[in-house]
Every structure is written in structure tokens, then in C-alpha cells.
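Please read the structure below before turning to the comments.
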Amino acid sequence: MLRNRVAPDGTLHAVTARGTLMGNRGGRLHDPLTRTLGRARWRSRAWICCEIAFKDRHRSVMGSGYTEFFFLDEVTALAAGHRPCFECRRADALRFREAWARAEGTRPEPRAAEMDVRLHGERTGERPLTRLGALPDGAMARIGDVVATPCKGRLLGWSFDGYAPAPEPDPDALAELLTPPAIVSVLAAGYRPRWHESAGSIAG
């Protein structure tokens, strides 16, 4: 079992559940002979989220190229600090960039490298505290052992297998914000990420 599944806090795990999107962190982080990770967790600031299938391309996972990571859905990838890929997910990447510019109130829209610098600082910096009720749909936070996100008026608990209803927290309780603040602003500015199908069965 390969250690290539990404949790919302960006950590990497070996689990049997399959993801709906893949991505990378700028290069190879594994030994292609043993297919095990080394100590590094990125090779560049460009952490992206990609389609699993694109133009009939075929890859050997953890082969001779970059290290492939897999996400339950885009909400998970965004929480871990991965943005949409400008090649295989160009339409989503453009919507993401447009929402970024709206959130910042700036023009022209930012270049990918500019967003990557901001996101890398937030990924590697101290995580702020927040209240779940103040978050837009798709932004993730952690209270104790529960990782949760609001979705259409419901609070959903995350797992590698999908979402389940989460208990409503104490309204005064503070949670550790997992989704980088810049991406929280992008979500608040109208970007709509892809959700795992389990979210729809709960939130409707």
C-alpha cells in the first residue's frame, strides 16, 4: 500500500480508500525502486490538484517521474493547500484565479507563481484559530479529532472514505483552520469546489 493519500492537513497516509482527484508538489519525493517516500514533502511551491484521467495519458504511480498524490475531492485538496492545475483543469484554474482577484480586490488577476508564494507561506506557517460558523462552504477546520466543513447549512465530518454528519460544536468553541486563509477567501468570493458524492447525499 503506497503512502500517497492526502489528508486535509496536508499529511500523507497509506489507506485503501480511493481518491477522485490527484496532484503533485513539484517533483519526485519517492524512491522509484522501493516506491516509498523520502524525507522531503515538496520540491517546489507549486502544489497542484489534477484530473485523474487526462488526454489518455498513462502513468506508473510512484514510478520514475513526479510523485502522484490522491485526494478524496477538491475540498480536501484545497484544505491541504493544492490549487487547480492550469493544464488539465484549466477552466477550474481560471475560475479559481478570478475568485482570488475578487477576494483581494486587485487587477490584473494573479499569476500562478504569485498564488503559490502566498499559499506556501500559509501552508508552512502557524495555523490560525476560527469558528466553524464563520467559514464558507468547503473550508475545513479541526476540533479535537474531528475535521469538518460546512456545506449547504450542514456540518460535515471528513474521512478518507467520504463525509458523514458531524455534531454541531459549542458556538464559542475555536477550531484549528486547515484550509489556507487565502483559499478560504477564494471560497468566500464564490469559487465552488468539487465535492465527493457522499457530501451530496447528506447536504442535498
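Surface composition of the chain: carbon and sulfur make up 50 percent of the accessible area, probe 1.4 Å. Peptides 140-149, 99-108, 160-169 ranked from most to least packed, by the mean per-residue count of other Cβ atoms within 10 Å: 140-149, 160-169, 99-108. Each of V186, V61 has its accessible area taken with a 1.4 Å probe; listed largest first, they run V61, V186.
The helix-based estimate of mean residue ellipticity at 222 nm for the chain, built from -39,500 (n - 2.57) per DSSP H run of four or more residues and divided by its residue count, is -7000 deg cm²/dmol to the nearest 500. The Rg/Rh ratio for the chain, using Cα coordinates for both the radius of gyration and the Kirkwood hydrodynamic radius, is 0.95.
Once all protein chains are placed together, L155 keeps about 20 Å² accessible to a 1.4 angstrom probe. Accessible-area rank, largest first, for C49, C88: C88, C49, with all protein chains present and a 1.4 angstrom probe.
Need the C-alpha centroid separation for segment 48-68 versus segment 73-117, integer Å. Here the answer is 20 Å between Cα centres. For segment 41-185, the solvent-accessible area of protein heavy atoms averages 50 Å² per residue (probe radius 1.4 Å; ligands and nucleic acids excluded). Largest accessible area first, the residues E114, E126, E109 order themselves as E126, E114, E109 under a 1.4 Å probe with ligands, DNA and RNA left out.
About its Cα centre, how strong a charge dipole does the chain have in debye, to the nearest 20, once Lys and Arg get +1 and Asp and Glu get -1 at the Cβ?
Dipole about the Cα centre, nearest 20: 780 debye.
The values are calculated or read from the model by the stated rules, or taken from the named source; none is laboratory data. Source: prediction; values computed, not measured. FYI the Cβ positions are ideal-geometry reconstructions off the backbone, even for glycines, and counts take in every protein chain you see. Calculation scope for accessible area: heavy atoms of the full protein, side chains included, ligands and nucleic acids excluded. Shrake-Rupley method; radii C 1.70, N 1.55, O 1.52, S 1.80 Å.
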